[in-house]
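First comes the structure, then the notes that go with it.
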Amino acid sequence: MPTVSRWWNSRTAPQRIDLYTRWSFYVFLAGLPVLALAVIGAAVEGGAPTAGSWLFLAGSVATAAVAVQLTRRGLAAHLAARPLPGRLTVLAFCTAGATAAGGVWAFAGSGASVAVPWSVSLPLGAVLLACSTVWSTRQLIAPAVGVGALSGLATSFTGVHPAAAVVQGVVMVAAVLFVVLAFRFTVWVLDVVLEMDRTRGVQLQLAVAEERLRFARDLHDVMGRNLSVIAVKSQLAGELVRRSRPGVADEVADISRIAEESLKEVREVVRGYRTTDLAGELAGARSVLRAAGVACTVQGEGAAAGLPEPAQVALAWVVREAVTNVLRHSAAADCGITLVRTDEEVELTVSNDGVTGAPGAGNGLTGLRERLAGAGGSLHAARDGDRFTLTATLPAGGAT
């Protein structure tokens, strides 16, 4: 059981829903021979099964096998937006039709009026169930009604009153529709989960694109004017050189000065981009996580303002790396960030759920430990079930 649990927890939410949907179909269809045995038991009522009963059972096994294969191919076709494989679908309905005909032949003459409609509905309904992987609800209604009508017609051959045959047909229509549409709903749920997962990926890409756009905008604001001045002064210096006019050295000196100022401003922009303060990093973490569909709460944000710059830089890197791990290595729905400061130390805790794999000691966490160790602090990572907690501790005075 621990191995199965570990295997299940290593799967993402879309993979779990896919497995649940797929095996719900397989298990239900594999149970068709068992239901056929129940129908046979109701027909013989303690007597010996006839040759027709064994033929119906064999047809049920064949129908189940073909329906499982049609389900497997149908789910693959559904994810690829393709129709059901035509030949396999025809083979499945032919096998189910032959099984239903064999059931009517085996049970109609024995007076087992209860077994006859089930012998028709079970094999045909199983194939219709497999078709629900691709067919829409509207496409499934008419065949389901047809299966119920055939069941009522077959029941009338047993000599029951026509009204009873009609009622039996209506009951079969309701039963087949309920089961088929219930499984169609699981396919719809799978579609919703996969779409949400794709949307989450798009949101992450948009968040990255927005950050790149901000960086490009900052560079443009810093460099645009200075580069324009450099271009104009370079043209002016060239013109003065050609005309042998005085003042060339002054213009060249201005160009050098503006270039040095531009370089300094670019470094400040890059430094601000790479080593933001802790408060800004906490705000960014909240924004990015919420954009990715992860509920994020930040507690103790006000304590960041009074920390020394070395401590802010170190803890800002912890927040950045922790948020990156939440997005890359988990299917988190909730993330909590807590900052607590005492007279002796400051503690930052990042905790999230949705951990699907075994936690590793990657380069990111190793780098954080080294960075915090250089500031006199420590980093602790722990997992409890599907929840992962990262705790960073630093002396309240900052770097040592």
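Under 6 Å by Cβ, and 6 or more places apart or on different chains, what pairs join a residue from region 286-315 that is under 12 Å from residue 334 (Cβ atoms) and modelled with pLDDT of 85 or more with one that is part of a helix (DSSP H, G or I) and not charged (D, E, K, R)?
296/289
Exactly one condition in (1) part of a helix (DSSP H, G or I); (2) modelled with pLDDT of 90 or more; (3) open to solvent by less than 60 Å² (accessible area, probe 1.4 Å) is false for residue 106; which is it?
Unmet for residue 106, out of (1) part of a helix (DSSP H, G or I); (2) modelled with pLDDT of 90 or more; (3) open to solvent by less than 60 Å² (accessible area, probe 1.4 Å): (2).
Can you find even one residue in region 232-239 that is modelled with pLDDT under 80 and within 30 Å of residue 374 (Cα to Cα)? Spell out the reasoning first.
Residues of region 232-239 modelled with pLDDT under 80: 232-239.
Restricting the remaining residues to those that are within 30 Å of residue 374 (Cα to Cα) gives none.
No, there is no match, as no residue in region 232-239 is modelled with pLDDT under 80 and within 30 Å of residue 374 (Cα to Cα).
Residues checked against (1) part of a loop (DSSP other than H, G, I, E, B); (2) among the polar types (S, T, N, Q):
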position	(1), (2)
298	no, no
303	no, no
312	no, yes
316	no, no
319	no, no
324	no, yes
327	no, no
332	yes, no
339	no, no
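What is the residue count in region 117-142 for residues that are among the β-branched types (Val, Ile, Thr), over 23 Å from residue 58 (Cβ atoms) and surrounded by 20 or more Cβ atoms within 10 Å (Cβ to Cβ)?
Looking only at that region, the number is 2.
Which residue is surrounded by the fewest Cβ atoms within 10 Å (Cβ to Cβ), if the candidates are limited to region 76-100 and must be of a type in the set (Gly, Ala, Ser) and modelled with pLDDT of 90 or more? If you could, list the steps in order and put the result at the bottom.
In the first step, residues of region 76-100 are kept if they are of a type in the set (Gly, Ala, Ser); the result is 76-77, 80-81, 86, 92, 96-98, 100.
Adding the requirement that they be modelled with pLDDT of 90 or more leaves 76-77, 86, 92, 96-98, 100.
Values: 76: 13, 77: 16, 86: 8, 92: 28, 96: 28, 97: 17, 98: 15, 100: 27.
By that ranking, first place goes to 86.
Determine if region 1-8 includes at least one residue that is open to solvent by less than 50 Å² (accessible area, probe 1.4 Å) and either modelled with pLDDT of 90 or more or in a helix (DSSP H, G or I) (or both). Talk me through it step by step, then tell me what you get.
Let us first name the residues in region 1-8 that are open to solvent by less than 50 Å² (accessible area, probe 1.4 Å), namely none.
There is no residue in region 1-8 that is open to solvent by less than 50 Å² (accessible area, probe 1.4 Å) and either modelled with pLDDT of 90 or more or in a helix (DSSP H, G or I) (or both).
Based on this model, can you work out whether residue 158 counts as within 23 Å of residue 25 (Cα to Cα), of a type in the set (Ser, Thr, Tyr) and surrounded by 13 or more Cβ atoms within 10 Å (Cβ to Cβ)?
On the way: within 23 Å of residue 25 (Cα to Cα): no; of a type in the set (Ser, Thr, Tyr): yes; surrounded by 13 or more Cβ atoms within 10 Å (Cβ to Cβ): yes.
For residue 158, the condition - within 23 Å of residue 25 (Cα to Cα), of a type in the set (Ser, Thr, Tyr) and surrounded by 13 or more Cβ atoms within 10 Å (Cβ to Cβ) - is not met.
As an exercise: evaluate residue 315 against (1) in contact with a Pro (Cβ under 8 Å, 6 or more places away or on another chain); (2) within 14 Å of residue 279 (Cα to Cα) and give the number of the one condition it does not meet.
(1)
Out of 146, 169, 152, I need the residue that is touching a Leu at 6+ places or on another chain (Cβ under 8 Å), under 23 Å from residue 107 (Cβ atoms) and not β-branched (Val, Ile, Thr). Which one?
Details: 146 fails: touching a Leu at 6+ places or on another chain (Cβ under 8 Å); 152 fails: touching a Leu at 6+ places or on another chain (Cβ under 8 Å).
After ruling out the rest, the residue left standing is 169.
So how many residues does region 179-197 have that are touching a Pro at 6+ places or on another chain (Cβ under 9 Å) and open to solvent by 60 Å² or more (accessible area, probe 1.4 Å)? So that I can check it myself, show each step before the final result.
Let us first name the residues in region 179-197 that are touching a Pro at 6+ places or on another chain (Cβ under 9 Å), namely 180, 190, 193-194, 196-197.
Keeping just the survivors that are open to solvent by 60 Å² or more (accessible area, probe 1.4 Å) gives 196-197.
So the answer is 2.
State yes or no: is residue 72 within 33 Å of the chain's Cα centre (by Cα), part of a loop (DSSP other than H, G, I, E, B) and surrounded by fewer than 21 Cβ atoms within 10 Å (Cβ to Cβ)?
Working: within 33 Å of the chain's Cα centre (by Cα): yes; part of a loop (DSSP other than H, G, I, E, B): no; surrounded by fewer than 21 Cβ atoms within 10 Å (Cβ to Cβ): yes.
Against the criterion (within 33 Å of the chain's Cα centre (by Cα), part of a loop (DSSP other than H, G, I, E, B) and surrounded by fewer than 21 Cβ atoms within 10 Å (Cβ to Cβ)), residue 72 does not qualify.
When the residues of region 345-395 are filtered to those that are among the hydroxyl-bearing types (Ser, Thr, Tyr) and at pLDDT below 90, which remaining residue is least open to solvent (accessible area, probe 1.4 Å)? Break it down stepwise before answering.
Applying the first criterion (among the hydroxyl-bearing types (Ser, Thr, Tyr)) to region 345-395 yields 349, 351, 356, 366, 378, 389, 391, 393.
Among the residues that remain, those that are also at pLDDT below 90 are: 356, 366.
On the way: 356: 20, 366: 56 Å².
Restricting to residues being among the hydroxyl-bearing types (Ser, Thr, Tyr) and at pLDDT below 90, the top hit is 356.
Have a look at 176, 170, 145, 114 and point out the one that is open to solvent by less than 40 Å² (accessible area, probe 1.4 Å) and either in contact with a His (Cβ under 7 Å, 6 or more places away or on another chain) or at negative phi (or both). Give the steps one after another, and end with the answer.
Working: 170 fails: open to solvent by less than 40 Å² (accessible area, probe 1.4 Å); 145 fails: open to solvent by less than 40 Å² (accessible area, probe 1.4 Å); 114 fails: open to solvent by less than 40 Å² (accessible area, probe 1.4 Å).
Result: 176 is the single residue among 176, 170, 145, 114 that is open to solvent by less than 40 Å² (accessible area, probe 1.4 Å) and either in contact with a His (Cβ under 7 Å, 6 or more places away or on another chain) or at negative phi (or both).
The values are calculated or read from the model by the stated rules, or taken from the named source; none is laboratory data. Treat the numbers as computed from the prediction; the structure is a model and nothing was measured. Counting neighbours? That spans all protein chains shown, and the Cβs are built from the backbone with ideal geometry, glycine included. All accessible areas refer to the heavy atoms of the entire protein, side chains included, with ligands and DNA or RNA removed. Shrake-Rupley method; radii C 1.70, N 1.55, O 1.52, S 1.80 Å.
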